[in-house]
Amino acid sequence: MTTKKINHVSIIMDGNGRWALDRNMPRAFGHRSGISAINKIVKACTTRQINELTLFAFSSENWKRPEYEVNFLINLFNEAIDSNINNLNDNNIQLHFIGNLSKFNSKLISKIKNAETLTTNNTGLKLNLALNYGGKWDIVNAVQSIILNKKDFNIDDINCENIEKSLTLDSSFPDLLIRTGGEQRLSNFLLWQHAYTELYFTDCLWPDFNENELDKAIKWYQNINRKFGALSNKDISLDKNA
Ligand code: IPE
Ligand code: IPE
Ligand code: MG
(Lines give C-alpha, C1' and ligand atoms only; values in the text may rest on other atoms or scores of the structure.)
(Ligands and ions follow the chains in the order given, each with its own letter.)
Protein backbone atom coordinates (compact mmCIF):
# COMPACT_ATOMS: atom_id res chain seq x y z
CA MET A 1 0.00 0.00 0.00
CA THR A 2 1.37 3.41 -0.93
CA THR A 3 0.87 6.00 1.78
CA LYS A 4 -1.00 9.12 0.78
CA LYS A 5 0.10 12.26 2.52
CA ILE A 6 -2.69 13.96 4.44
CA ASN A 7 -2.53 17.69 4.12
CA HIS A 8 -5.56 18.74 6.14
CA VAL A 9 -7.64 17.00 8.82
CA SER A 10 -10.88 18.39 10.25
CA ILE A 11 -12.55 17.11 13.41
CA ILE A 12 -16.04 17.38 14.89
CA MET A 13 -15.13 16.87 18.53
CA ASP A 14 -18.38 15.37 19.80
CA GLY A 15 -19.31 13.34 22.87
CA ASN A 16 -17.97 15.38 25.80
CA GLY A 17 -21.33 15.43 27.60
CA ARG A 18 -21.92 11.68 27.28
CA TRP A 19 -18.35 10.95 28.39
CA ALA A 20 -18.97 12.88 31.61
CA LEU A 21 -22.39 11.33 32.13
CA ASP A 22 -20.84 7.85 31.85
CA ARG A 23 -18.69 8.85 34.84
CA ASN A 24 -21.55 10.35 36.83
CA MET A 25 -20.01 13.77 36.40
CA PRO A 26 -21.45 17.07 35.14
CA ARG A 27 -21.17 17.73 31.39
CA ALA A 28 -18.67 20.50 32.15
CA PHE A 29 -16.18 17.86 33.28
CA GLY A 30 -16.39 16.31 29.82
CA HIS A 31 -15.71 19.66 28.14
CA ARG A 32 -12.68 20.22 30.35
CA SER A 33 -11.35 16.76 29.54
CA GLY A 34 -11.91 17.56 25.87
CA ILE A 35 -9.17 20.20 26.08
CA SER A 36 -6.59 17.54 27.03
CA ALA A 37 -7.63 15.52 23.98
CA ILE A 38 -7.13 18.62 21.80
CA ASN A 39 -3.57 19.05 23.10
CA LYS A 40 -2.81 15.39 22.41
CA ILE A 41 -4.14 15.53 18.87
CA VAL A 42 -2.42 18.82 17.99
CA LYS A 43 0.89 17.27 19.01
CA ALA A 44 0.12 14.04 17.14
CA CYS A 45 -0.70 15.94 13.93
CA THR A 46 2.64 17.73 14.14
CA THR A 47 4.59 14.50 14.41
CA ARG A 48 2.58 12.95 11.57
CA GLN A 49 3.48 15.78 9.16
CA ILE A 50 -0.13 16.91 8.79
CA ASN A 51 -0.05 20.55 7.64
CA GLU A 52 -3.44 21.77 8.78
CA LEU A 53 -5.95 20.83 11.48
CA THR A 54 -9.42 22.38 11.79
CA LEU A 55 -11.35 21.73 15.00
CA PHE A 56 -15.07 22.34 15.52
CA ALA A 57 -15.28 23.71 19.07
CA PHE A 58 -18.57 25.64 19.13
CA SER A 59 -21.24 25.74 16.45
CA SER A 60 -23.61 28.56 15.56
CA GLU A 61 -26.35 26.24 16.87
CA ASN A 62 -24.69 25.58 20.24
CA TRP A 63 -26.14 28.87 21.61
CA LYS A 64 -29.37 26.86 21.95
CA ARG A 65 -27.85 25.05 24.94
CA PRO A 66 -28.63 26.18 28.51
CA GLU A 67 -26.99 29.49 29.35
CA TYR A 68 -24.85 27.96 32.12
CA GLU A 69 -23.29 25.51 29.65
CA VAL A 70 -22.65 28.22 27.03
CA ASN A 71 -21.04 30.43 29.70
CA PHE A 72 -18.93 27.55 30.93
CA LEU A 73 -17.70 26.87 27.40
CA ILE A 74 -16.82 30.53 26.76
CA ASN A 75 -14.85 30.67 30.02
CA LEU A 76 -13.15 27.43 29.10
CA PHE A 77 -12.08 28.85 25.71
CA ASN A 78 -10.61 31.88 27.49
CA GLU A 79 -8.76 29.66 29.94
CA ALA A 80 -7.56 27.25 27.28
CA ILE A 81 -6.08 30.06 25.17
CA ASP A 82 -4.30 31.50 28.24
CA SER A 83 -2.79 28.22 29.34
CA ASN A 84 -1.79 26.88 25.91
CA ILE A 85 -0.80 29.85 23.78
CA ASN A 86 2.89 29.94 24.76
CA ASN A 87 3.27 26.23 24.27
CA LEU A 88 1.58 26.41 20.86
CA ASN A 89 3.80 29.29 19.86
CA ASP A 90 6.95 27.45 21.04
CA ASN A 91 5.89 24.55 18.85
CA ASN A 92 5.76 26.81 15.78
CA ILE A 93 1.96 26.41 15.44
CA GLN A 94 0.01 29.07 13.56
CA LEU A 95 -3.38 29.71 15.15
CA HIS A 96 -6.49 30.86 13.30
CA PHE A 97 -10.02 31.25 14.56
CA ILE A 98 -12.91 30.83 12.15
CA GLY A 99 -16.59 31.64 12.62
CA ASN A 100 -18.68 34.66 13.49
CA LEU A 101 -16.45 35.85 16.30
CA SER A 102 -18.23 39.19 16.71
CA LYS A 103 -20.84 37.42 18.86
CA PHE A 104 -18.32 36.85 21.66
CA ASN A 105 -17.42 39.27 24.45
CA SER A 106 -14.55 41.73 23.95
CA LYS A 107 -12.28 39.83 26.36
CA LEU A 108 -12.39 36.67 24.24
CA ILE A 109 -12.18 38.60 20.97
CA SER A 110 -8.99 40.40 22.03
CA LYS A 111 -7.50 37.13 23.30
CA ILE A 112 -8.20 35.57 19.92
CA LYS A 113 -6.65 38.47 18.02
CA ASN A 114 -3.54 38.43 20.25
CA ALA A 115 -3.12 34.68 19.79
CA GLU A 116 -3.36 35.04 16.01
CA THR A 117 -0.92 37.93 15.95
CA LEU A 118 1.59 36.15 18.19
CA THR A 119 1.65 33.03 16.01
CA THR A 120 1.24 34.66 12.60
CA ASN A 121 4.84 34.05 11.44
CA ASN A 122 4.97 30.45 12.62
CA THR A 123 5.56 27.93 9.88
CA GLY A 124 4.46 24.65 11.49
CA LEU A 125 0.96 23.18 11.83
CA LYS A 126 -1.84 25.55 10.84
CA LEU A 127 -4.46 25.12 13.56
CA ASN A 128 -7.94 26.49 12.83
CA LEU A 129 -10.40 26.63 15.72
CA ALA A 130 -14.04 27.01 14.72
CA LEU A 131 -15.99 29.08 17.24
CA ASN A 132 -19.57 30.18 16.61
CA TYR A 133 -19.02 28.64 13.22
CA GLY A 134 -21.78 27.59 10.83
CA GLY A 135 -21.27 26.39 7.27
CA LYS A 136 -24.40 28.18 6.03
CA TRP A 137 -23.19 31.44 7.60
CA ASP A 138 -19.79 30.96 5.95
CA ILE A 139 -21.28 30.65 2.45
CA VAL A 140 -23.69 33.58 2.88
CA ASN A 141 -20.84 35.66 4.28
CA ALA A 142 -18.61 34.78 1.30
CA VAL A 143 -21.28 35.74 -1.25
CA GLN A 144 -22.03 39.00 0.56
CA SER A 145 -18.36 39.94 0.70
CA ILE A 146 -17.95 39.37 -3.06
CA ILE A 147 -20.88 41.70 -3.74
CA LEU A 148 -19.65 44.32 -1.27
CA ASN A 149 -16.01 44.32 -2.37
CA LYS A 150 -16.37 44.04 -6.12
CA LYS A 151 -16.41 47.31 -8.05
CA ASP A 152 -18.96 47.16 -10.91
CA PHE A 153 -20.35 43.91 -9.55
CA ASN A 154 -21.58 41.51 -12.22
CA ILE A 155 -23.69 38.40 -11.51
CA ASP A 156 -20.88 36.24 -13.00
CA ASP A 157 -18.69 37.36 -10.09
CA ILE A 158 -20.66 34.86 -8.01
CA ASN A 159 -18.65 31.82 -9.04
CA CYS A 160 -16.89 28.93 -7.30
CA GLU A 161 -13.46 30.52 -7.52
CA ASN A 162 -14.55 33.80 -5.91
CA ILE A 163 -16.64 32.05 -3.27
CA GLU A 164 -13.70 29.81 -2.35
CA LYS A 165 -11.45 32.85 -2.02
CA SER A 166 -13.96 34.44 0.35
CA LEU A 167 -14.73 31.45 2.60
CA THR A 168 -13.14 31.33 6.03
CA LEU A 169 -10.76 28.55 4.94
CA ASP A 170 -9.34 29.72 1.65
CA SER A 171 -6.06 27.82 1.86
CA SER A 172 -6.97 24.16 1.61
CA PHE A 173 -10.01 22.00 2.13
CA PRO A 174 -9.95 19.01 4.50
CA ASP A 175 -8.87 15.64 3.08
CA LEU A 176 -10.17 13.71 6.07
CA LEU A 177 -13.01 14.62 8.43
CA ILE A 178 -13.21 12.74 11.71
CA ARG A 179 -16.37 12.89 13.81
CA THR A 180 -16.22 11.35 17.26
CA GLY A 181 -19.24 10.47 19.41
CA GLY A 182 -21.07 8.15 17.03
CA GLU A 183 -23.33 10.60 15.17
CA GLN A 184 -23.00 10.55 11.39
CA ARG A 185 -23.80 14.10 10.34
CA LEU A 186 -22.01 17.35 9.51
CA SER A 187 -23.95 19.55 11.96
CA ASN A 188 -23.34 22.60 9.73
CA PHE A 189 -19.53 22.24 9.74
CA LEU A 190 -17.63 23.44 6.63
CA LEU A 191 -20.48 22.56 4.24
CA TRP A 192 -18.71 23.83 1.13
CA GLN A 193 -15.18 22.80 2.14
CA HIS A 194 -16.21 19.19 2.89
CA ALA A 195 -17.70 18.62 -0.58
CA TYR A 196 -15.04 16.01 -1.44
CA THR A 197 -13.65 15.17 1.99
CA GLU A 198 -13.47 11.56 3.15
CA LEU A 199 -15.79 11.17 6.16
CA TYR A 200 -14.70 8.98 9.09
CA PHE A 201 -17.11 8.33 11.95
CA THR A 202 -16.15 6.70 15.23
CA ASP A 203 -18.10 5.86 18.39
CA CYS A 204 -15.11 6.96 20.47
CA LEU A 205 -16.15 9.94 22.61
CA TRP A 206 -13.98 13.02 22.17
CA PRO A 207 -12.21 12.97 25.60
CA ASP A 208 -11.09 9.39 24.82
CA PHE A 209 -9.73 10.27 21.37
CA ASN A 210 -5.95 9.85 21.26
CA GLU A 211 -2.98 9.11 18.95
CA ASN A 212 -4.12 5.50 18.44
CA GLU A 213 -7.59 6.58 17.40
CA LEU A 214 -6.08 9.16 15.04
CA ASP A 215 -3.87 6.48 13.50
CA LYS A 216 -6.94 4.26 12.95
CA ALA A 217 -8.60 7.10 11.04
CA ILE A 218 -5.45 7.74 9.00
CA LYS A 219 -5.16 4.02 8.18
CA TRP A 220 -8.81 3.98 7.04
CA TYR A 221 -8.11 7.02 4.86
CA GLN A 222 -5.06 5.37 3.30
CA ASN A 223 -7.28 2.64 1.82
CA ILE A 224 -9.64 5.03 0.07
CA ASN A 225 -9.44 5.54 -3.65
CA ARG A 226 -10.14 9.25 -4.06
CA LYS A 227 -11.57 9.92 -7.50
CA PHE A 228 -13.22 13.36 -7.34
CA GLY A 229 -15.76 12.22 -9.93
CA ALA A 230 -13.17 10.87 -12.36
CA LEU A 231 -12.14 7.22 -12.93
CA SER A 232 -9.10 5.52 -11.46
CA ASN A 233 -6.57 3.79 -13.73
CA LYS A 234 -7.93 0.50 -12.36
CA ASP A 235 -11.53 1.42 -13.32
CA ILE A 236 -10.33 2.17 -16.86
CA SER A 237 -8.20 -0.96 -17.17
CA LEU A 238 -11.19 -3.12 -16.16
CA ASP A 239 -13.52 -1.44 -18.64
CA LYS A 240 -14.17 -3.54 -21.75
CA ASN A 241 -14.61 -0.41 -23.85
CA ALA A 242 -11.32 1.21 -22.87
C1 IPE B 1 -19.16 18.40 21.89
O2 IPE B 1 -19.64 17.56 22.88
C3 IPE B 1 -18.73 19.72 22.43
C4 IPE B 1 -19.56 20.86 21.97
C5 IPE B 1 -20.52 20.79 21.12
C6 IPE B 1 -19.25 22.16 22.53
P7 IPE B 1 -21.16 17.61 23.31
O8 IPE B 1 -21.33 18.63 24.36
O9 IPE B 1 -22.04 17.78 22.14
O10 IPE B 1 -21.33 16.15 23.93
P11 IPE B 1 -22.57 15.18 23.73
O12 IPE B 1 -22.76 15.00 22.26
O13 IPE B 1 -23.75 15.84 24.37
O14 IPE B 1 -22.15 13.92 24.42
C1 IPE C 1 -21.32 19.52 16.80
O2 IPE C 1 -21.73 18.81 17.92
C3 IPE C 1 -20.68 20.81 17.21
C4 IPE C 1 -19.37 20.68 17.85
C5 IPE C 1 -18.71 19.58 18.07
C6 IPE C 1 -18.77 21.93 18.22
P7 IPE C 1 -23.23 18.93 18.47
O8 IPE C 1 -23.34 18.00 19.61
O9 IPE C 1 -23.58 20.34 18.69
O10 IPE C 1 -24.05 18.40 17.20
P11 IPE C 1 -25.53 17.82 17.12
O12 IPE C 1 -26.42 18.72 17.91
O13 IPE C 1 -25.49 16.44 17.70
O14 IPE C 1 -25.83 17.80 15.65
MG1 MG D 1 -22.95 16.48 20.85
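The values are calculated or read from the model by the stated rules, or taken from the named source; none is laboratory data. Owing to the predicted nature of the structure, the values given are computational and were not obtained by experimental measurement. Quick reminder, even Gly has a Cβ in these numbers, built from the backbone with ideal geometry, and neighbours come from all protein chains shown. All accessible areas refer to the heavy atoms of the entire protein, side chains included, with ligands and DNA or RNA removed. Shrake-Rupley method; radii C 1.70, N 1.55, O 1.52, S 1.80 Å.
Residue count for the range 170-188 under the criterion of being open to solvent by less than 50 Å² (accessible area, probe 1.4 Å) and among the basic types (Lys, Arg): the result is 1.
Of the residues in the range 194-202, not one is under 28 Å from PHE29 (Cα atoms), open to solvent by less than 70 Å² (accessible area, probe 1.4 Å) and touching a residue at least 40 places away in the same chain (Cβ under 8 Å). Among the residues of the range 59-71, the ones that are within 17 Å of ILE35 (Cβ to Cβ) and within 15 Å of ligand 3 (Cβ to nearest atom) come to 3 in all.
For PHE104, the stated conditions do not hold, so it cannot be described as aromatic (Phe, Trp, Tyr) and either within 13 Å of ligand 1 (Cβ to nearest atom) or modelled with pLDDT under 95 (or both). Screening LYS234 with (1) among the charged types (D, E, K, R); (2) open to solvent by less than 70 Å² (accessible area, probe 1.4 Å); (3) in a helix (DSSP H, G or I) gives one miss only, at (2). Of the residues LEU118, LEU95, the single one that is without any contact (Cβ under 8 Å) to a residue 40 or more places away in the chain and buried (at least 21 other Cβ atoms within 10 Å of the Cβ) is LEU95. Would you say PHE209 is within 16 Å of ligand 3 (Cβ to nearest atom) and in contact with a strand residue (DSSP E or B) (Cβ under 6 Å, 6 or more places away or on another chain)? It is false that PHE209 is within 16 Å of ligand 3 (Cβ to nearest atom) and in contact with a strand residue (DSSP E or B) (Cβ under 6 Å, 6 or more places away or on another chain).
Grab the strands (runs of 3 or more DSSP E) fully contained in the range 1-98, keeping just those with 3 or more residues being closer than 20 Å to ARG185 by Cβ. Write out each step before concluding.
Details: elements: 8-12, 52-59, 94-98.
Of the strands (runs of 3 or more DSSP E) lying wholly inside the range 1-98, those with at least 3 residues that are closer than 20 Å to ARG185 by Cβ span 8-12, 52-59.
Residues that are closer than 22 Å to ASP14 by Cα, more than 16 Å from ligand 2 (Cβ to nearest atom) and in a loop (DSSP other than H, G, I, E, B) within the range 170-196 comprise PHE173, ASP175, TRP192, ALA195, TYR196, listed in sequence order.
Apart from one condition, ILE11 fits all of (1) more than 16 Å from ligand 3 (Cβ to nearest atom); (2) in contact with a strand residue (DSSP E or B) (Cβ under 6 Å, 6 or more places away or on another chain); the exception is (1). Filtering the range 99-108 to residues that are under 26 Å from PHE173 (Cα atoms), open to solvent by less than 50 Å² (accessible area, probe 1.4 Å) and part of a helix (DSSP H, G or I) leaves only LEU101. With respect to (1) polar (S, T, N, Q); (2) surrounded by 17 or more Cβ atoms within 10 Å (Cβ to Cβ); (3) within 24 Å of HIS194 (Cα to Cα), the lone exception for ASN7 is condition (2).
Can you name every residue in the range 202-218 that is farther than 13 Å from LYS40 by Cα and of a type in the set (D, E, K, R)? Of everything in the range 202-218, those that are farther than 13 Å from LYS40 by Cα and of a type in the set (D, E, K, R) turn out to be ASP203, LYS216. Being open to solvent by less than 20 Å² (accessible area, probe 1.4 Å), within 18 Å of ASN128 (Cα to Cα) and modelled with pLDDT of 95 or more is true for just one of LEU214, LEU191. Which residue is that? Testing whether each residue is open to solvent by less than 20 Å² (accessible area, probe 1.4 Å), within 18 Å of ASN128 (Cα to Cα) and modelled with pLDDT of 95 or more leaves just LEU214. Only residues that are closer than 26 Å to LYS5 by Cα, surrounded by 11 or more Cβ atoms within 10 Å (Cβ to Cβ) and acidic (Asp, Glu) were counted in the range 132-169, giving 1. Flag not set for LYS136, criterion: within 29 Å of ASN92 (Cβ to Cβ), assigned to a helix (DSSP H, G or I) and either out of contact with any Phe, Trp or Tyr (no Cβ under 7 Å at 6 or more places or on another chain) or not acidic (Asp, Glu) (or both).
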